[in-house]
Amino acid sequence: ELLLLWPAGMLTSRCPQPDQDEDLPMGCEDPAGEGQRGWEGAPARAEEELCRLVLSTPSSILRDREIEELGPQLPPRLTQQPWHLLYSTGRDGFSLRTLYRSGARPDSPALLLIRDTEGQAFGAFSASAIRSSSGFYGTGETFLFSFCPELKVFRWTGRNDFFVKGDVNLLMVGGGSGRFGLWLDGDLHHGGSQPCETFDNETLSHREEFCIQDLEMWGLA
């Protein structure tokens, strides 16, 4: 498999970042029980069951070919179920608060699609609805992905349970030792991606910090 290594770089704009000096706790309480692990995470299976990603409206971020490639990476139970656009920066403005208020069912999975200002497309699949929370939640079905330019999927390693956590100022997917697989700021203008223990991922964007051009969140009706 061909691995593309992108040079590290920092944006010139001042971007709020997660605290890199504070390690994440190894245990996060989840009274709702949503933090239980799903299937044991592992590298993508050699043969994925066919799972077509059906979007109710066209995406402004992914092309048809990319949608076809991403579909088989989703859990088989989601085959043929229509995904609805819950939030879009083009339609709803740039606000993490608005994203949380998008109206997704608590038991609905979420598909987060991002395109940065360099034209790079990447995102995350969450087995639970993306919401504001006091601790990490989600299951081992959660994964990160990037089209760089071909699809790469980064699944749960089993090293920790730091799947998704968000508040009004920051949304994080994956973590460990002060590094986050994907993070977005409260204004949804800036974000970042680093290799993290949860997914053993590569940097999703060309840079460890990026500016967001478009963002979409999809969920099941």
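Look at residue 78 and say whether it is of a type in the set (A, V, I, L, M, F, W, C), closer than 30 Å to residue 158 by Cα and at pLDDT 90 or above.
Criteria not met by residue 78.
Which number in (1) over 18 Å from residue 71 (Cα atoms); (2) under 11 Å from the mean Cα position of the chain (by Cα); (3) modelled with pLDDT under 95 marks the one condition that residue 127 misses?
Every listed condition holds for residue 127 apart from (1).
I'm checking my understanding of the structure. Among residues of segment 145-175 that are polar (S, T, N, Q) and touching a strand residue (DSSP E or B) at 6+ places or on another chain (Cβ under 8 Å), which one is least open to solvent (accessible area, probe 1.4 Å)?
Looking at residues that are polar (S, T, N, Q) and touching a strand residue (DSSP E or B) at 6+ places or on another chain (Cβ under 8 Å), I get 146.
The values are calculated or read from the model by the stated rules, or taken from the named source; none is laboratory data. Predicted, not measured: the structure shown is a model, and the values here were computed from it. Every residue, glycine as well, gets a Cβ built from its backbone with ideal geometry; the counts of neighbours run over all protein chains shown. Calculation scope for accessible area: heavy atoms of the full protein, side chains included, ligands and nucleic acids excluded. Shrake-Rupley method; radii C 1.70, N 1.55, O 1.52, S 1.80 Å.
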